[in-house]
Amino acid sequence: MDDSATHEQLLMRQADILIADGQYEKAIFCLDEILKEHPDDEYALSMKGLAYCLMGDSEKGIECLEDALEIDPCSKEVLIIFADACLRSSMPEKSLKILERAISYYPDDDGLLMLKKVILSARNRSQVNSYFN
């Protein structure tokens, strides 16, 4: 394993930890370091989009996620991250649309089908709760 791969992997792990800890700006800094050397790294770009969405900057986040899909339109990881980011940004319909796209590419993936059921269930619960409130 060469030094650049090791450095990139460490930056990606650090970014994952920072996102999990809610330190989105620091995570974006790590991801930008990766993207300086590898601007076509769709995973790093999609994680940057997720971090922006979690920070509340959905517009910038969606832009990063769309750029990541332009690099690899069939990337299962990017599609899942995109659907997750949309869901967390209170865009369940867009999340479902992205998830449907992933399912069309990977129809035998039970995890994608389960995720769709979870999103639909959450959306339906939200609609019922808003009806009674």
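General observations
- Candidate lysines - alpha carbon under 16 Å from LYS117, same-chain residues fewer than 8 apart omitted: LYS94, LYS97
- Accessible-area composition of the chain, carbon plus sulfur, in percent [1.4 Å probe]: 52
- ILE17 accessible area, assembled protein chains, probe 1.4 Å, Å²: 90
- Ranking CYS53, TYR106, ILE119 by Cα position along the charge dipole of the chain, where only Lys, Arg, Asp and Glu carry charges on their C-beta atoms, puts ILE119 farthest toward the positive end.
- Partner lysines whose Cα lies under 25 Å from the Cα of LYS26, excluding those fewer than 8 positions away in the same chain, are identified as LYS36, LYS48, LYS60.
- Computed with a 1.4 Å probe on the full set of protein chains, the accessible area for MET55 sits at about 80 Å².
- Inter-label distance, nm, simple model (7 Å from Cα along the C-beta direction), LEU113/MET55: 3.9
- Ranked by the mean number of other Cβ atoms within 10 Å of their residues, highest first, the peptides 48-54, 73-79 fall in the order 48-54, 73-79.
- Solvent-accessible area per residue for the range 64-128 (1.4 angstrom probe, square angstrom): 57
- Ellipsoid semi-axes in whole angstrom, largest first, where each is sqrt(5λ) of the Cα gyration tensor of the chain: 28, 18, 12
The values are calculated or read from the model by the stated rules, or taken from the named source; none is laboratory data. Since this is a predicted model, take the numbers as computed values, not measurements. Heads up, the Cβs are rebuilt from the backbone with ideal geometry, glycines too, and the neighbour counts pull from every protein chain shown. We work out accessible area using only protein heavy atoms, side chains counted, and drop any ligands, DNA or RNA first. Shrake-Rupley method; radii C 1.70, N 1.55, O 1.52, S 1.80 Å.
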